[in-house]
Amino acid sequence: MSAVVLLGGGGHCRSVIDVIEQTGLYSILGVLEKEGFSCSNLMGYPLLGSDHDLPAFIEQNCAVVITIGQIKTSEPREKLYRYAKEAGAEMPTVVSPRAYLSRHARVGAGTTVMHEAIVNCSAEIGENCIINTKALVEHDAKIGNHTHIATGAFVNGGAQIGQRCFIGSGAVIHNGIDIGDGCLIGAGTIVRTNLPDGTVLKGQQAAIGMAT
């Protein structure tokens, strides 16, 4: 098994640990966190140090998985991804054995596909994304880099989601819809029209404002 270190503790980290363990492909050495951060539950794995210690593990040929979550902004997750990539880290794609990933789909480096997610034929998912538990990415849909498709969200056929977006739990993106970069779609929201960059769309009434 390949050795791997995790960047970022917390709830999402624990969920990703569960996925990694079930793949049987990696041996988790432990977790790196920012200085001064206290990790109370790392599923039995040690806190190895801070982000600054990452190059030493890369020199030992350890792969790296980004394990902080993403809700309001992709910036912390994207910053860690770029830091690890520039340091020369291998950034594997982690796919739960309980997910369905079509052999005709493409998934970028550093992306995690969680339990019971579905990524159908000809779908394309960028780098450093989260396809969370029971999310659906249908045929021919495209997901940009650093985007989180949250639990139970549906991205229907041919829809395009830009970079650095958050698609909330239970949201539904209709067929062929184009969502720009940096958009935030709230939980349970149904998107029936194209959205420009920076759009915030929340709730059943779908009030629209610009992201900050």
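Lys-Lys pairs in the chain that are eight or more residues apart or on separate chains and whose Cα atoms lie under 18 Å of each other come to 4.
3J(HN,Hα) couplings calculated from phi for segment 72-83 with the Karplus curve 6.51 cos²θ - 1.76 cosθ + 1.60 (θ = phi - 60°) are, in sequence order, 6, 9, 8, 4, x, 5, 5, 4, 5, 4, 5, 4 Hz; Gly and Pro show x.
Where Lys and Arg each count +1 and Asp and Glu each count -1, what net charge lies around I28 among other residues with Cβ under 12 Å from its Cβ?
Result for the neighbourhood of I28: -1.
For the chain, the orientation-averaged shadow of the C-alpha convex hull comes to 11.0 nm² (one quarter of the hull surface).
Between S2 and I190, the simple spin-label model (points 7 angstrom out along Cα→Cβ) gives 4.2 nm. In whole percents, the pair-distance distribution calculated for segment 82-147 from its alpha-carbon pairs, binned every 5 Å from zero, is 5, 20, 28, 28, 9, 8, 3. Computed from Cα atoms, the angle from the helix 11-23 axis to the main principal axis of the chain rounds to 80 degrees. Projecting the Cα atoms of G30, S122, S2 onto the dipole axis of the chain, where Lys and Arg carry +1 and Asp and Glu carry -1 at the beta carbon, places S122 farthest toward the positive end. Please identify which residues in segment 2-32 have an amide N closer than 14 Å to a label point set 7 Å out from the Cα of R98, following the Cα→Cβ vector. Within reach of a label on R98, which here means backbone N under 14 Å from a point 7 Å along Cα→Cβ, segment 2-32 contributes 15-24. In plain terms, the residue of Y100, Y81 with the fewest other Cβ atoms within 10 Å comes first and the most crowded comes last, giving Y100, Y81. Antiparallel beta bridges, as assigned by DSSP with both residues in the chain, represent about 10 percent of the total such bridges. From most to least packed by mean Cβ count within 10 Å, the peptides 9-21, 44-56 give 9-21, 44-56.
In sequence order, segment 64-70 has phi-based couplings of 10, 10, 7, 10, 8, x, 8 Hz under the Karplus curve 6.51 cos²θ - 1.76 cosθ + 1.60, θ = phi - 60°, and Gly or Pro positions carry x. Largest first, the three principal axis extents of the alpha carbons in segment 1-108 are 42, 34, 29 Å in whole numbers.
Only Lys, Arg, Asp and Glu carry charge here, each on its Cβ (+1 for the first two, -1 for the last two); on that basis segment 1-133 has a dipole of about 320 debye about its Cα centre.
The trypsin sites (Lys or Arg not before Pro) of segment 66-143 that DSSP puts in a loop, and whose beta carbon has at most 11 other beta carbons within 10 Å, are K72, R103.
In segment 94-204, the alpha-carbon atoms span a convex hull of 61 Å³ per residue.
Rule-based calculations on the coordinates, nothing more; no lab input. Please read all numbers here as calculations on a predicted model, not as lab measurements. Counting neighbours? That spans all protein chains shown, and the Cβs are built from the backbone with ideal geometry, glycine included.
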